[in-house]
Amino acid sequence: MYDIAHEDAGLVVLDKASGVSVLADRTGAPCLWDALKARYPHPRLVHRIDKGTSGLLLVALTRNRQRTLARAFNQHAIGKHYLAVVAGHISAGATLRIALPLKPGRKSRYRVAGLREEIRPSRRGWSLPPEERRGGLESVTRIRVVATSAHRSLLAVQPLTGRAHQIRVHLAWIGHAIAGDHLYGAPASREQAAPRLALHAHRLVVPGIGTFKAAPDPSFAALL
């Protein structure tokens with residue numbers, strides 16, 4: 001269910017497996033939070049990652065550490081770095097910026113606050129012209145292409161804002177949905193089909209505390 005990447009008196013850094021929900025969901029499957037409450041007297045949630053996403057998760061063990069970390073997340077002071085395997089070929093070595101505002105959509109999904117056909121690709125990334133933005137919250141994701149094949153690409157991804165499902169929505173709306181993403185993509189397609197969501201939180205940079213890393217497991221590496 002999880003490994004421990006770091007532990008001290010006020011903080012535990014977990015390396016969560018894909019397919020494990022942080023909190024209880026409608027499936028009734030064992031969740032991470034129940035396991036943590038059985039191990040620690042007072043675990044305190046600071047942030048979440050999706051059930052299908054593997055990798056690093058911070059859990060505070062004291063109220064003071066929870067306040068400090070929550071403030072840092074709210075101020076976008078914590079560096080969050082992911083690896084993602086996406087459908088389609090993107091030129092290797094490129095560093096691009098996705099600046100597309102997000103808003104709630106239907107059935108617990110999120111969407112870009114604008115029309116897909118109005119998204120403007122450029123040498124620097126993807127954006128919407130101001131006149132085509134239909135509300136939504138500012139959402140910015142930076143991507144760098146690490147490796148590529150004929151049908152898939154491996155990306156280093158840094159969300160500069162912290163919106164729900166931000167990485168998944170941004171990548172799907174630019175035409176490069178994450179492999180195995182049943183919510184925002186078409187995982188039955190050859191390019192995207194995968195037994196798990198190909199998104200892994202591999203590095204967290206926490207000012208004043210440290211940098212934490214977790215390598216993806218073999219099930220992720222095999223997806224490229």
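The values are calculated or read from the model by the stated rules, or taken from the named source; none is laboratory data. These figures come from a predicted structure and were not determined experimentally. When we count neighbours, we look across all protein chains shown, and the Cβ atoms used for this are built from the backbone with ideal geometry, even at glycine. Protein only, heavy atoms only, side chains kept; ligands, DNA and RNA dropped before computing areas. Shrake-Rupley method; radii C 1.70, N 1.55, O 1.52, S 1.80 Å.
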**Prompt:** For the subset of region 156-183 comprising residues that are open to solvent by 40 Å² or more (accessible area, probe 1.4 Å) and at positive phi, which member is farthest from the chain's Cα centre (by Cα)?
**Reply:** Gly175
**Fill in**
Those strands (runs of 3 or more DSSP E) completely within region 2-87 that have 2 or more residues that are touching a strand residue (DSSP E or B) at 6+ places or on another chain (Cβ under 6 Å), without any contact (Cβ under 8 Å) to a residue 60 or more places away in the chain and of a type in the set (S, T, N, Q) are none
**Item:** Number of the exception - Glu191 against (1) within 12 Å of Val85 (Cβ to Cβ); (2) surrounded by 23 or more Cβ atoms within 10 Å (Cβ to Cβ)
**Value:** (2)
